[in-house]
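K.L.:
To start, I am sharing the structure in question, which I have written as structure tokens.
The values are calculated or read from the model by the stated rules, or taken from the named source; none is laboratory data. Quick caveat, the model's predicted, so the values are computed rather than measured. Here the Cβ positions follow ideal geometry from the backbone for every residue, glycine too, while neighbour counts run over all protein chains shown. For the accessible areas, the whole protein counts, side chains as well, though only heavy atoms, and no ligand, DNA or RNA atoms are used. Shrake-Rupley method; radii C 1.70, N 1.55, O 1.52, S 1.80 Å.
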Amino acid sequence: MKKIIGVIVTGIFLVLALYYAFIYFVPYSEGVRSGELIKISNKGVLVKTWEGEISQGISGAQIFAFSVLDKDAEVIEKLQEYQGRYVKLHYMERFGTFFWLGDTKYFITKVEEEKSPHFRN
């Protein structure tokens, strides 16, 4: 009986570990989005995650919400520096997420400042 319970517990642990590895390491898509950076914040009660938004249209018609992993300190610093400016975000979309990673499935890997298309000369 103990051997059966041990096998079941080990099997459940392996399935959960494989599910986590799949969600964390296998990207669903990768891409680039541009817009005005309107929000970057470290939010949460028990687990703090970095969340942000860019406006992709005139007067905030289309909002793109994203998350940033804590390990990407350089990206977080640049986002804080570029607050209110037009930026280009390189992102990776995952199949899902866990509450300790972020609120969205979109995770920023690189950020660049860009000239706004609305104010070009």
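K.L.:
I'd like the carbon and sulfur percentage of the solvent accessible area for the chain, probe radius 1.4 Å, heavy atoms only, ligands and nucleic acids excluded.
P.N.:
60 percent
K.L.:
Mind giving me the nanometre distance, one decimal, between the label points for Gln83 and Phe95, set 7 Å out from Cα along Cα→Cβ?
P.N.:
3.7 nm
K.L.:
I've got another one for you. So what's Rg/Rh here for the chain, counting alpha carbon atoms and using the Kirkwood radius for Rh?
P.N.:
1.15
K.L.:
I've got another one for you. Tell me the net charge near Ala65. Cut-off is 10 Å between Cβ atoms, Ala65 excluded, with +1 for each Lys or Arg and -1 for each Asp or Glu. Mind dumping the intermediate values first?
P.N.:
Values: positive: Lys39, Lys105; negative: Glu51, Glu53, Asp103.
Overall, the nearby charge balance is -1.
K.L.:
Which one, Gly52, Gly31, Gly11, has the greatest fluctuation when you compute a Gaussian network model over the chain with C-alpha springs under 10 angstrom?
P.N.:
Greatest mean-square fluctuation among the candidates belongs to Gly11.
K.L.:
Put Arg85, Arg94 in order of accessible area, largest first, 1.4 Å probe: what do you get?
P.N.:
Arg85, Arg94
K.L.:
Where does the chain land at 222 nm, in deg cm²/dmol rounded to the nearest 500, when only DSSP H runs of n ≥ 4 count, each adding -39500 (n - 2.57), divided by all residues?
P.N.:
Computed mean residue ellipticity for the chain: -9000 deg cm²/dmol.
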